[in-house]
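J.: Following this message is one structure expressed as structure tokens.
The values are calculated or read from the model by the stated rules, or taken from the named source; none is laboratory data. Since the structure is predicted, the reported quantities are computational estimates derived from the model, not experimental observations. As a convention, Cβ positions derive from the backbone with ideal geometry for all residues, glycine included, and neighbour counts pool all protein chains shown. What goes into the accessible areas is simple: the full protein's heavy atoms, side chains included, and nothing from ligands, DNA or RNA. Shrake-Rupley method; radii C 1.70, N 1.55, O 1.52, S 1.80 Å.
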Amino acid sequence: MASAAQTGARIFVLVLLIIVLIFSGLLWFDYLGLIQVKPLFAPVLHMVGVDVPEEPPEAQNLDTLMLEKERLAKQLEALDIRDEELDRRESGLDTREAEIEQKLEVLQERENGLKEQENSFNQRLKLYENKRANLRQAAQYYVGMPPQQAVDRLLEMDDQDVIDILRTVEEIAQESGEASTVSYWLSLMPADRAAVLSRKMIVKP
């Protein structure tokens, strides 16, 4: 009788303990129907006659694996943050590159404008030099004529053309150190025309 009572008590305690462990999440049955329990409570089950299989090495290393997983997750998060920072820097570099390209385009346009101005200036300079050469040639031609013939031809020209030739004649005379014939030519012209030409020659172009 005593043995049956002890067996019944052990069974009652065992069932009660199993119920408590199951509801507390410390004991469960795996997919094969085997009892799995936290290592802390395995000795208690051994005391009541229940053999609990030892925890496999994988389960023993579960905490280590979880810590490793957390560490890897943190590294992955850090890499994501690093990637975002690199993306922002790349975006900033793209923006900077676009600004530099715009500035280069502006500089190129300015350079093209300066080249056009230079070409225009060179053309105007060439025209001026050609005009100066023609004026010197014409002035020397008129100086070689008899004075009255030179004056008659000058009177057929516009005032500005006459003034240009007279100034060139004076310039050639100064360069050669000879006397200018301009005053003599003016004295041979009608007084009113000579007065107009004299007055316009005083005003520098």
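J.: Would you mind estimating how fast segment 123-205 diffuses translationally, via Stokes-Einstein at 10 °C and 1.306 mPa s with the Kirkwood radius over Cα pairs, in µm²/s?
T.: On the way: Rh = 13.2 Å.
Answer from the Stokes-Einstein relation: 121 µm²/s.
J.: Just read off the accessible area of PHE121 with the full protein assembly in place, 1.4 Å probe, to the nearest 10 Å².
T.: 120
J.: Considering only protein heavy atoms, what is the solvent-accessible area of THR64 at a probe of 1.4 Å, reported in Å² to the nearest 10?
T.: Here the residue's solvent-accessible area equals roughly 90 Å².
J.: Right, next: Taking segment 125-172 on its own, what percent of its Cα-Cα pair distances exceed 15 Å?
T.: Details: 471 of 1128 pairs.
When all Cα pairs of segment 125-172 are counted, 42 percent exceed 15 Å.
J.: Which value, in Å² rounded to 10, gives the accessible area of ARG153 with a 1.4 Å probe and all protein chains present?
T.: In the full protein context, ARG153 sits at about 90 Å².
J.: Report P(r) for segment 108-152: all Cα-Cα distances, bin width 5 Å, range 0 to the bin holding the largest distance, values in whole percent.
T.: That works out to 6, 19, 14, 12, 10, 10, 7, 7, 6, 4, 3, 1, in percent per bin.
J.: What shape does segment 64-205 take by its C-alpha gyration tensor, where a ≥ b ≥ c are the square roots of the eigenvalues and a/c under 1.5 counts as rounded, a/b above b/c as prolate, and the rest as oblate? Intermediate results must be reported in sequence, preceding the final value.
T.: Values: a/c = 7.84, a/b = 6.47, b/c = 1.21.
Judged from the Cα gyration tensor, segment 64-205 comes out prolate (a/c at least 1.5, a/b above b/c).
J.: Let me ask something else about it. Below 14 angstrom from the Cβ of TYR142, what's the summed charge of the other residues (Lys, Arg +1; Asp, Glu -1)?
T.: It works out to a net charge of -3.
J.: Along segment 4-20, what does the Karplus equation 6.51 cos²θ - 1.76 cosθ + 1.60 (θ = phi - 60°) give for ³J(HN,Hα), rounded to whole Hz, x for Gly and Pro?
T.: 3J(HN,Hα) across segment 4-20, in whole Hz: 5, 5, 5, 4, x, 5, 5, 5, 4, 5, 5, 4, 4, 5, 5, 4, 5.
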